[in-house]
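Engineer: One structure is given below, represented as structure tokens, and several questions about it will come after.
The values are calculated or read from the model by the stated rules, or taken from the named source; none is laboratory data. Just so it is clear, the model here is predicted, and its values are computed rather than measured. Ideal geometry is used to build each Cβ from the backbone, glycine not excepted, and the neighbour counts take in all protein chains shown.
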Amino acid sequence: MTSTIQGLPLFEGGREVRLEGLTTHNLEIRELELPEKALIVITGPSGSGKSSLAFDTLAREGERRYLLALSHREPIRVPPPAALREAEGLPPAVALPQRIPPQNPRVTLGTATGILEILRGLLAKFGERPCPGCGHLVRPLSLAEALALYERLPEGTRLVVRAPIYPPSLAALSYLQGEGFSRFVVNGTALDLTEESPPEEIRSLEAVVDRLLKKKGERLRYLEALRLAERLSGGPVILEVRQGPLYRFTLGQRCPYCGESLPFLSPGVFSYNHPTGACALCQGLGEIEGRVCPQCQGLRLRPEILEVNLSGRSLRQILSARLGELEELVQALELPAPEDLWAPFRRRLLRLLQRLVFLDLGHLALLSPFHQLSTGERQRVELATLLSLEISGALFVLDEPGLGLSPLEREKILILLRELVLSGNTVVVVEHDPFFIRSADLVVELGPGAGREGGKLLFCGAPQELSRRPELPTGAFLSGARILERPRRRSRKFIELSGVRLPREALSVICGPSGSGKTRLLWRIQEEAQKEGWAVLGIEGEISAPPRALVATYLGVFEELRKLLSLTPRARELGLRPAHFSPFSREGRCSACGGRGEKTLEIPGVLSTEVPCEECQGTGLRPEVLPVTYRGLTVPEILDLTLTEALSVFSRVARITRPLSQAETLGLGYLRLGQPLRTLSGGEKLRLRLARELLSGEGAELILLDLPTMGLHLADLTGIFKLFEALLSSGKTLIVAENHPVLILLADHLLVLEKGRIIFQGLPRDFWKSEHPLAVKLTFYRSLVQWD
């Protein structure tokens, strides 16, 4: 099988990865065969088991088997096996899941990509530092580099090796004479003390160590002369080539021009996280109380470190450069050392920078704080870093590589994924975008629903075949059998905030390339609206909750459940209070597992895995509270209820039913009350957060959402639109920062940004009439929606 897209060769076949008996989380897959060296897309409704298959099975088992093979050489902690019966042909895995970025201000683009680490190695080895005594730029040479100077000279060349003596004095001269030296250069004049007397005043002194003629067999003599000169001078060496240049260099930590001691440059000196390198005023943060540090000018390092040069550029210039400029600098990098010593560094840097620039990130700088980048920028930085690895024969597993990107930017992601495949790798992508699905070599669809209703293998084949399967969740949209629609709202009432005119009680969508300022505009609108007295609710990002948090605790119903249980006759009889029904409290947690609900089963040096705690039946609660019942249900049975089932059981308890109803409206009725948040997919976490935040912000007039479709399948958008309509009908105004083509096409009002400027605002159909590249690209998605 061979196919092509936009001139790129695609899947050419190969061995297959064969999996049997997959039962990770909700998966129920008897057998699955995936081709190697192909682009594979896993799709399906949110919660259908895509992440369970891609990350918790394929990536986990691929990594485990690789580490298991290495553990025969040395002890390595091997992760527990994935929940499957058998796997054949599974390559070593490299995974890039969705994750909340670190909020640490010390994590920058340069550290996240590893570029700064490579630069530190280059600077420590090849950096020229200004001498604190005379200001000359100096770089200590290794013996191999000094030997290379000799090797480059033509045969028959006469040369002299001299050792400058610091400090110069008559006493030093007398000592050297006593050691057998007779030839010197004193005050710039050559002297033979066997025939001449030294001057009374000595301002400079150089001992002639040896005079050589380059010829076969003299190499060792030259090296011995270098070593002797180094011992005499403490490092500096002068190499005089007759009828040629004069070389001054040092083999140690002394300046060859003035003899001043030079600071030792280790990689740590170039790190703003190391006390020897960090700016003393701002401690390596680059700012003080929100203002640029006046000492390092935001570059985080000590001023003297910033003056170290690499190939004619100071570190100050390198750190101030944009990635696009830095790519040009690295491309032209030439160092006065054997190429095999520095060429690997340059190649790695160049691969990284070329991919970052290719993904339209050339405007960023190395010290850009990572947590301040937009979602799309962070996504592309991580992708470029991963895709720059020179690896073949691996399994790459990626989660929504097009997240937060405009349709125009997604095409470049696909090109890099294809490059990975052409390098001999297998690429598995969890995606919902029809662009990626239609471009794949193989599509795996899971479903038909989510949770207990998902986990089944519905389809495994070519995307063209999936387009002929309208009965499947994805096939329905690809075939045109199903489309998305929502009633358009034409408001005559507008609000003006931050120079933007927005219709009230309507859906406004802000779109544009990643990093164009969508989120900044969104929160600027929020800030201004709050100043003008509007009740505003802003929701962005994924759930941030403790590692052991449950669905019930996140939705805020767990406390009410504990109160109800403590009021039952059995609980009163045992003297149990609400705290006794919490695995997070001292009174309630199981002593056997510490409230975790699971224990670690470990075979030293082989594997470590988690198994349910038998004492508490996996609830994390003390065994004595487990028999307590509410309406005939024990605590474990209550925690095992789905949200839909719980709505029926607790129908008379408003504090429980209100958040559960909100979550069910968003299609999350299948989640279990006691389900750990860590087991949820990105789309499930997003909708759960929407449910909670919207409930707490019921009085808001203006609701702002950032990336509300993250992790959602096209079929899941129906629930989002249903929620939107309910909010709009209740008089609320919605403003969304989003690049999802469906939301762009179905918006009531559209704002398009480029490089921080609004280039269009108005009706989507008016933007459609323009010849803007984004409008042209949206043609690909027009068949998915009811267009007016």
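Residues checked against (1) in contact with a Gly (Cβ under 6 Å, 6 or more places away or on another chain); (2) within 18 Å of Leu484 (Cβ to Cβ):
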position: Glu684; (1), (2): yes, no
position: Ala691; (1), (2): no, no
position: Gly699; (1), (2): no, no
position: Leu745; (1), (2): no, yes
position: Leu753; (1), (2): yes, no
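Engineer: Residues in the range 629-646: is at least one among the hydrophobic types (A, V, I, L, M, F, W, C), under 27 Å from Lys732 (Cβ atoms) and either at pLDDT below 90 or out of contact with any Asp or Glu (no Cβ under 6 Å at 6 or more places or on another chain) (or both)?
Structural biologist: No, the range 629-646 contains no residue that is among the hydrophobic types (A, V, I, L, M, F, W, C), under 27 Å from Lys732 (Cβ atoms) and either at pLDDT below 90 or out of contact with any Asp or Glu (no Cβ under 6 Å at 6 or more places or on another chain) (or both).
Engineer: If Thr733 satisfies all but one of (1) hydroxyl-bearing (Ser, Thr, Tyr); (2) at pLDDT 90 or above; (3) farther than 22 Å from Glu485 by Cβ, what's the number of the condition it fails?
Structural biologist: (3)
Engineer: Of everything in the range 565-586, what is hydrophobic (A, V, I, L, M, F, W, C) and more than 42 Å from the chain's Cα centre (by Cα)? Give them in sequence order.
Structural biologist: Residues satisfying the conditions are Leu565, Leu567, Ala571, Leu574, Leu576.
Engineer: Of all residues in the range 439-457, which are farther than 23 Å from Leu39 by Cα and either free of Cβ contacts under 8 Å to residues at least 60 places away in the same chain or acidic (Asp, Glu) (or both)?
Structural biologist: Glu453
Engineer: Given the conditions (1) under 18 Å from His136 (Cα atoms); (2) touching a helix residue (DSSP H, G or I) at 6+ places or on another chain (Cβ under 7 Å), report the number of the one that Thr276 does not fulfil.
Structural biologist: With (1) under 18 Å from His136 (Cα atoms); (2) touching a helix residue (DSSP H, G or I) at 6+ places or on another chain (Cβ under 7 Å) applied to Thr276, the lone miss is (1).
Engineer: Right, something else. For the range 358-406, what are the residues that are buried (at least 21 other Cβ atoms within 10 Å of the Cβ), among the charged types (D, E, K, R) and over 21 Å from Lys755 (Cα atoms)?
Structural biologist: Hits for the range 358-406 are Asp399, Glu400.
Engineer: Residue by residue through the range 1-44, note down the ones that are touching an Asp or Glu at 6+ places or on another chain (Cβ under 6 Å), surrounded by 14 or more Cβ atoms within 10 Å (Cβ to Cβ), of a type outside the set (S, T, N, Q) and modelled with pLDDT of 95 or more.
Structural biologist: Result: Arg18, Glu20, Pro35, Ala38, Leu39, Val41, Gly44.
Engineer: In addition: For residues that are surrounded by 15 or more Cβ atoms within 10 Å (Cβ to Cβ) and more than 16 Å from Ala163 (Cα to Cα), tally how many sit in the range 188-214.
Structural biologist: The total comes to 3.
Engineer: For Leu633, are the conditions met, namely being within 39 Å of the chain's Cα centre (by Cα) and of a type outside the set (Phe, Trp, Tyr)?
Structural biologist: no
Engineer: Please work out which residue is surrounded by the fewest Cβ atoms within 10 Å (Cβ to Cβ), limiting yourself to the range 268-282 and to residues that are farther than 13 Å from Glu304 by Cβ and at pLDDT 95 or above.
Structural biologist: Ranking the candidates gives Leu281 first.
Engineer: State the number of residues belonging to the range 548-586 that are touching a residue at least 24 places away in the same chain (Cβ under 8 Å) and acidic (Asp, Glu).
Structural biologist: 1
Engineer: Checking the condition under 26 Å from the mean Cα position of the chain (by Cα), surrounded by fewer than 21 Cβ atoms within 10 Å (Cβ to Cβ) and under 15 Å from Arg120 (Cα atoms), which residue from Arg300, Arg313, Arg322, Arg348 passes?
Structural biologist: Of the residues listed, the single one that is under 26 Å from the mean Cα position of the chain (by Cα), surrounded by fewer than 21 Cβ atoms within 10 Å (Cβ to Cβ) and under 15 Å from Arg120 (Cα atoms) is Arg348.
Engineer: A further question on this structure: In contact (Cβ under 8 Å) with a residue 60 or more places away in the chain and assigned by TED's automatic domain parsing to the domain that holds Met710: is that true of Leu763 in this structure?
Structural biologist: When the stated conditions are applied, Leu763 does not pass them.
Engineer: Which one is farthest from Gly517 (Cα to Cα), of the residues in the range 347-371 that are touching a residue at least 60 places away in the same chain (Cβ under 8 Å) and charged (D, E, K, R)?
Structural biologist: Arg348
Engineer: Looking only at the range 710-727, filter to residues that are buried (at least 21 other Cβ atoms within 10 Å of the Cβ) and modelled with pLDDT under 90; which one of those is farthest from Glu431 (Cα to Cα)?
Structural biologist: Met710
Engineer: Hey, any hits in the range 714-733 for a residue that's touching a strand residue (DSSP E or B) at 6+ places or on another chain (Cβ under 6 Å) and not in a helix (DSSP H, G or I)?
Structural biologist: yes
Engineer: Among the candidates Arg158, Arg139, which residue alone is modelled with pLDDT of 95 or more, of a type outside the set (A, V, I, L, M) and assigned by TED's automatic domain parsing to the domain that holds Arg203?
Structural biologist: Every option except Arg158 fails the conditions.
Engineer: Which of the residues that make up the range 458-482 are farther than 17 Å from Ser439 by Cα, of a type outside the set (A, V, I, L, M, F, W, C) and touching a residue at least 12 places away in the same chain (Cβ under 8 Å)?
Structural biologist: Residues satisfying the conditions are Pro470, Pro473, Gly480, Arg482.
Engineer: Now, a different point. I need every pair where a residue in the range 664-676 that is more than 14 Å from Pro45 (Cα to Cα) and without any contact (Cβ under 8 Å) to a residue 24 or more places away in the chain has its Cβ under 6 Å from the Cβ of a residue that is crowded, with 19+ Cβ neighbours inside 10 Å and not aromatic (Phe, Trp, Tyr), sequence separation at least 6 or different chains.
Structural biologist: Final answer for the pair search is Glu664/Leu643.
Engineer: Something else about it: Take the conditions part of a helix (DSSP H, G or I) and touching a strand residue (DSSP E or B) at 6+ places or on another chain (Cβ under 7 Å) and apply them to Leu743. Does it pass?
Structural biologist: The answer is yes for Leu743.
Engineer: Which one is nearest to the chain's Cα centre (by Cα) among residues in the range 755-788 that are surrounded by fewer than 16 Cβ atoms within 10 Å (Cβ to Cβ) and of a type in the set (S, T, N, Q)?
Structural biologist: If we take residues in the range 755-788 being surrounded by fewer than 16 Cβ atoms within 10 Å (Cβ to Cβ) and of a type in the set (S, T, N, Q), then Thr779 is nearest to the chain's Cα centre (by Cα).
Engineer: Any residue at all in the range 242-255 that is outside any helix (DSSP H, G or I), at positive phi and not assigned by TED's automatic domain parsing to the domain that holds Gly178?
Structural biologist: So far as the range 242-255 goes, no, none of its residues is outside any helix (DSSP H, G or I), at positive phi and not assigned by TED's automatic domain parsing to the domain that holds Gly178.
Engineer: Output yes when any residue across the range 240-254 is under 20 Å from Cys131 (Cα atoms) and surrounded by fewer than 13 Cβ atoms within 10 Å (Cβ to Cβ), and no when none is.
Structural biologist: The answer is yes; a qualifying residue exists.
Engineer: Please verify whether Val752 is part of a strand (DSSP E or B), closer than 30 Å to Gly499 by Cα, more than 26 Å from the chain's Cα centre (by Cα) and not aromatic (Phe, Trp, Tyr), treating the condition exactly as stated.
Structural biologist: Taking the combined requirement at face value, the residue satisfies it.
Engineer: Can I ask one more? Based on what the data block shows, is Phe494 of a type in the set (Phe, Trp, Tyr) and over 30 Å from Trp534 (Cα atoms)?
Structural biologist: no
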